[in-house]
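Working notes for the structure below.
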Amino acid sequence: MDLVPPAIRRLSRLFLLVSLSLAASAQTTAPAMNAKAAAECDKHPLYAYDNGPNGQSTWCGVCNNSAERHFQAPINIPEGKPNPALPAIRFTGYNQPTPLKTTLENPNNLKLYTPVRPPSIEIYGLGKYDLEEFHFHRPSEEAVNNHRYPMVIHLVHKKAGCVTGQCAVVISVLVEQGQPTAKTSAVLKVLFERFPPPAADGGTPIEIDGLLPADHQNAGYYSFPGSLTTPPCTEGITFFVLKTPIKFSPAEIEEFARRYPLPNARDIQELNGRTVENR
Ligand SMILES: [Zn+2]
């Protein structure tokens, strides 16, 4: 007897089809191509979001390689009919005080890495993924029904030991301007203190669920196959964009703008026949 609900079978099948189609197109060349793309990008570490000499049309790797590009991110998410039978995302350990590892000093965004025993998510049919790092874009990269939010948080998760298939999942948390919860502001206060980056790992632990909407354990989401949104724009990454945004105050958004004055959202990419799942 098949105990897997039809909607979950459909989701798994979608991922399988995507994996297979990506694998089929790159079966023999993928490792070589990844290495080639990474090596190419190592030679061009600087990238920018404007139309200048390091702008998006010059990005290395898969980003502008028409033979390798299939399902790039971000996308404009079409409004559709929700399917409540799709699996919930279970967040574990997000409410525990978590010390942070290094803070990456880069010109493009605020990026923070989590320590050895990070919080994790579990998605029925896909498995368990550990949070590796999270970072911020202003404005949001993903658009929903042609609307971009003031910001988005990308929480990048990896499956331990995974080499092929659905190894990476990004949880996207949209941010709108408004009255934040006390927990959100407490997290942001600690994050802002980490810039410029501290010399050592650790510091004040944070409860990362301050960056999740209150309904995160039963969240509605949009899901689609995508890519890194920075060079080398590697594909095979599954996005789950939570429907409920969180709120940052105008002053908090201004803090991001003060540290990172330039917009850091990649242009919207074509759907290219992708289905967006909607829970
Ligand atoms: Zn991102």
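Along segment 141-147, what does the Karplus equation 6.51 cos²θ - 1.76 cosθ + 1.60 (θ = phi - 60°) give for ³J(HN,Hα), rounded to whole Hz, x for Gly and Pro?
6, 5, 10, 10, 6, 6, 9
Want the number for ALA67 to ARG258: 0.36 nm per residue separation, take away the alpha-carbon distance, what's left? Let's see the in-between values first.
Details: separation 191, 0.36 × 191 = 68.76 nm, distance 3.86 nm.
Once the chain is fully extended between ALA67 and ARG258, it gains 64.9 nm.
At 0.36 nm per residue, and after removing the present C-alpha to C-alpha distance, how many nm does the segment from GLN56 to GLU176 gain when stretched out fully? Please list the in-between numbers first.
On the way: separation 120, 0.36 × 120 = 43.20 nm, distance 2.55 nm.
40.6 nm is the gain from fully extending GLN56 to GLU176.
Could you pull out every residue, at least 5 positions away or on a different chain, whose amide H is within less than 5 Å of the one on GLU207? Hs are placed 1.01 Å off N in the peptide plane, and Pro or chain starts have none.
HN-HN under 5 Å from GLU207: THR98.
Which of the listed residues, GLY220, HIS137, LEU100, is farthest toward the dipole's positive end in segment 6-278, when Lys, Arg count +1 and Asp, Glu count -1 at the beta-carbon?
GLY220
Once phi is turned into θ = phi - 60°, what whole-Hz ³J(HN,Hα) does the Karplus curve with 6.51, -1.76 and 1.60 give for every residue of segment 272-279, x standing for Gly and Pro?
So the Karplus estimates, Gly and Pro as x, are 6, x, 5, 9, 9, 6, 9, 9 Hz.
For the chain, which span is the longest to avoid every loop-located (per DSSP) member of GluC sites (Glu not before Pro) having at most 12 other Cβ atoms inside 10 Å? Could the numbers behind the result be given before it?
Working: sites that count: GLU79, GLU105, GLU270.
Longest run free of exposed loop sites: 106-269.
Would you mind classifying segment 104-205 by shape? Square roots of the alpha carbon gyration tensor eigenvalues, ordered a ≥ b ≥ c; an a/c under 1.5 is rounded, otherwise it is prolate if a/b is larger than b/c and oblate if not.
Details: a/c = 1.75, a/b = 1.13, b/c = 1.55.
Cα axes put segment 104-205 in the oblate bin.
What number, in nm² with one decimal, is the all-direction average of the projected area of the convex hull of the alpha-carbon atoms of the chain? Present the calculation step by step, with values, prior to reporting the outcome.
Values: hull surface 60.4 nm².
Value for the chain: 15.1 nm².
Students often get this wrong, so check it: of LYS158/LYS183; LYS43/LYS159; LYS189/LYS243; LYS128/LYS189; LYS111/LYS159; LYS128/LYS183, which have C-alpha atoms separated by over 22 Å?
Details: LYS158/LYS183 26 Å; LYS43/LYS159 29 Å; LYS189/LYS243 25 Å; LYS128/LYS189 30 Å; LYS111/LYS159 20 Å; LYS128/LYS183 26 Å.
Cα-Cα > 22 Å for LYS158/LYS183; LYS43/LYS159; LYS189/LYS243; LYS128/LYS189; LYS128/LYS183; rest within.
Quick one: grab the alpha carbon gyration tensor of segment 148-279, order the square roots of its eigenvalues as a ≥ b ≥ c, and give me rounded if a/c is under 1.5, else prolate or oblate depending on whether a/b is larger than b/c.
Working: a/c = 1.57, a/b = 1.42, b/c = 1.10.
It comes out prolate by the Cα gyration axes.
What is the distance, in nm, between label points placed 7 Å from the Cα along the Cα-to-Cβ direction at THR92 and at ASN218?
About 2.1 nm, to one decimal.
Is the C-alpha gyration tensor of segment 61-128 telling us rounded, prolate or oblate? Criteria: a/c under 1.5 is rounded; beyond that, a/b larger than b/c is prolate, otherwise oblate.
Numbers: a/c = 2.23, a/b = 1.10, b/c = 2.03.
Oblate.
Readers should treat all values here as calculations from the given coordinates under stated rules, not as data from a laboratory. Model, not experiment: these values are computed from the prediction. Cβ sites come from the backbone with ideal geometry, for glycine too, and all protein chains shown count toward neighbours.
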